[in-house]
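For reference, the structure is listed below as structure tokens.
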Amino acid sequence: MLELKAGLTGTAETIVRETNTALAMGSGSLLVFATPAMVALMEQAACNAVADCFDDATTSVGTLLNLTHDAATAPGKKVTATATLVEVDGRRLVFEVTASDEDRQIGKGRHERFVINKEKFLAKLK
């Protein structure tokens, strides 16, 4: 297992398809990459950045996003999200996140996650 420390980086990629457009996801009326899809990709990148730091009983959950979606991306284009862990404060993890298509950066922001015990977390749902 790796140590949770600033500097860990993860990425995640997707292709813009009909299923992750604003029209399909209900976040708009256009066939462009949806903001909720970009958010999910950024969270996936953050998860990937710290995945090797957890044992089978531990994971992290997203708790805060503050981001901008600055440019539209057409169907067929590849989108890559990158997350860099910039702060570890106890169980709180803070990431700088970006998303870019093949031409330019399309979004950026900060994302926070909390380290949790899976069993204890799920027990609260019952």
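Quick look at the numbers
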read-out	value
Whole-number accessible area per residue in Å² for the chain, which is evaluated in the context of all protein chains at 1.4 Å	57 Å²
Gained length - I15 relative to E3, 0.36 nm times residue gap less alpha-carbon distance	1.2 nm
Angle in degrees between helix 35-50 and the longest Cα principal axis of the chain, rounded to the nearest 10	30 degrees
CD proxy at 222 nm, helix term only [per DSSP H run n ≥ 4: -39500 (n - 2.57); per residue of the chain; nearest 500]	-5500 deg cm²/dmol
Amide H within-cut-off set for G107, under 5 Å, with H built and near neighbours excluded	D70, A99
Within straight-line cross-link reach of K108, aspartates and glutamates at Cα separation under 19 Å, skipping those fewer than 8 residues along the same chain	E13, E43, D70, E87, E96
Peptides ranked, highest mean first, by Cβ atoms within 10 Å: ranges 49-56, 24-31	49-56, 24-31
Of all accessible heavy-atom area on the chain, the percent that carbon and sulfur account for (1.4 Å)	52 percent
For the chain, the longest site-free run once GluC sites (Glu not before Pro) in DSSP loop states with at most 12 other Cβ atoms within 10 Å are removed	4-101
Taking only Cα atoms of the chain, radius of gyration then Dmax in Å	15.4, 46
Charge dipole (debye, nearest 20) of the chain; +1 at Cβ of Lys and Arg, -1 at Cβ of Asp and Glu	380 debye
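The values are calculated or read from the model by the stated rules, or taken from the named source; none is laboratory data. These numbers come from a predicted model, not from an experiment. Positions of Cβ are backbone-derived with ideal geometry, glycine not excepted, and every protein chain shown enters the neighbour counts. For the accessible areas, the whole protein counts, side chains as well, though only heavy atoms, and no ligand, DNA or RNA atoms are used. Shrake-Rupley method; radii C 1.70, N 1.55, O 1.52, S 1.80 Å.
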